[in-house]
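Undergrad: Have a look at this one.
The values are calculated or read from the model by the stated rules, or taken from the named source; none is laboratory data. This structure is a prediction, so every number in the text was calculated from the model and none was measured. When we count neighbours, we look across all protein chains shown, and the Cβ atoms used for this are built from the backbone with ideal geometry, even at glycine.
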Amino acid sequence: MSILKSSVAKKMALAIAGLFLVLFLFVHLAINLTLIYPGKEAFDSAVEFMATNPFIQVMQPILFLVFAFHIYMGIYLELTNQTKRSVKYIKNNPGAASTWASRNMIWTGLMILGFLLLHLYNYFLPFKTQDIADHYQLVVSLFKSPVYTLIYVLAFVSLGLHLSHGFQSAFQTLGTPREKCNKTLVILGNIVALIIAIGFSSIAIYFYFN
Ligand code: HEM
């Protein structure tokens with residue numbers, strides 16, 4: 001696409017896609033929390049709603065495309081901009097040390113990608129291709145495996161790290177004035193990262209022990 005020719009435009013598109021994915025994560029977390037409270041009936045109704053609501057049916061392929069785009073663009077920018085990026089950080093952020101999370105976006109991203117594929121295989125494929133009688137049971141039974149629960153928690157720790165840098169970075173990519181908003185965005189980004197990492201992980205750990 002010619003509109004995405006410049007690397008700034010590419011980075012902006014990656015940022016918008018990333019923020020869209022953050023929104024999706026909050027919706028997903030809200031649904032997953034119903035597994036614990038109010039419980040089975042509420043979760044089953046949420047699944048039924050997601051499977052039949054026309055708006056969700058339209059959003060699903062869009063979400064898939066946004067994921068694919070973000071992953072493609074993330075890997076592309078990593079491969080082409082690696083040296084440019086480290087120069088840019090030093091130029092834009094004199095004196096400020098870059099964080100581990102900011103230097104390892106590709107690795108936390110690849111961890112998330114690995115988990116995404118596993119997640120599609122474990123949940124999405126059976127949901128789409130089989131007549132699952134008990135959605136709640138399918139989800140909860142996976143958390144009884146220590147290996148699966150460990151992979152799940154590690155994936156969400158990676159996602160938390162990705163967002164601890166990615167959330168504030170996305171707003172700066174989109175032009176938020178650095179001097180005014182930097183501190184607030186860093187704090188907000190860390191809060192978002194903690195909610196997502198702790199929120200998803202604690203559900204897995206809860207069902208592992210209960
Ligand atoms: C739910 C999953 C994900 C969310 C919410 C997310 C969110 C974000 C956000 C908000 C940014 C910041 C954009 C910016 O700096 O302007 C970002 C950057 C990045 N993401 Fe993701 N991401 C996700 C998954 C992935 C995956 C699966 C990959 C696969 C490789 C990936 C690779 C990257 C890379 C490499 C960057 C940094 C690009 C750069 O600074 O040049 N992300 N992500």
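Undergrad: Just name the residue that is nearest to the ligand (Cβ to nearest atom) out of those in segment 59-76 that are loosely packed, with under 15 Cβ neighbours inside 10 Å and closer than 19 Å to Leu110 by Cβ.
TA: Ile75
Undergrad: Scanning for something more than 13 Å from Met105 (Cα to Cα) and not in a helix (DSSP H, G or I), does segment 159-175 turn up at least one residue?
TA: Among the residues of segment 159-175, at least one is more than 13 Å from Met105 (Cα to Cα) and not in a helix (DSSP H, G or I), which makes the answer yes.
Undergrad: Would you please name the residue that is farthest from Tyr206 (Cα to Cα), looking only at residues in segment 105-142 that are modelled with pLDDT of 90 or more and of a type in the set (S, T, N, Q)?
TA: Out of the qualifying residues, it is Thr108.
Undergrad: Then there's this: Of the residues Gln130, Gln172, only one is over 23 Å from Tyr37 (Cβ atoms) and away from the ligand (no atom under 16 Å from the Cβ); which?
TA: Gln130
Undergrad: Let me ask you something else. Got a number for residues in segment 47-76 being within 21 Å of Ser102 (Cα to Cα) and over 18 Å from the mean Cα position of the chain (by Cα)?
TA: The total comes to 1.
Undergrad: Also: For segment 144-159, indicate whether the set of residues that are within 14 Å of the ligand (Cβ to nearest atom), over 22 Å from Ile36 (Cβ atoms) and of a type outside the set (Val, Ile, Thr) is non-empty.
TA: For segment 144-159, residues within 14 Å of the ligand (Cβ to nearest atom), over 22 Å from Ile36 (Cβ atoms) and of a type outside the set (Val, Ile, Thr): present.
Undergrad: Separate question: Select from segment 121-149 the residues that are surrounded by 13 or more Cβ atoms within 10 Å (Cβ to Cβ), part of a helix (DSSP H, G or I) and among the hydrophobic types (A, V, I, L, M, F, W, C) and list them in ascending order.
TA: Of everything in segment 121-149, those that are surrounded by 13 or more Cβ atoms within 10 Å (Cβ to Cβ), part of a helix (DSSP H, G or I) and among the hydrophobic types (A, V, I, L, M, F, W, C) turn out to be Phe124, Phe127, Leu138, Val139, Val140, Leu142.
Undergrad: If the requirement is being modelled with pLDDT under 95, surrounded by 13 or more Cβ atoms within 10 Å (Cβ to Cβ) and of a type outside the set (Phe, Trp, Tyr), which of these qualifies: Ser102, Ser7?
TA: The match here is Ser7.
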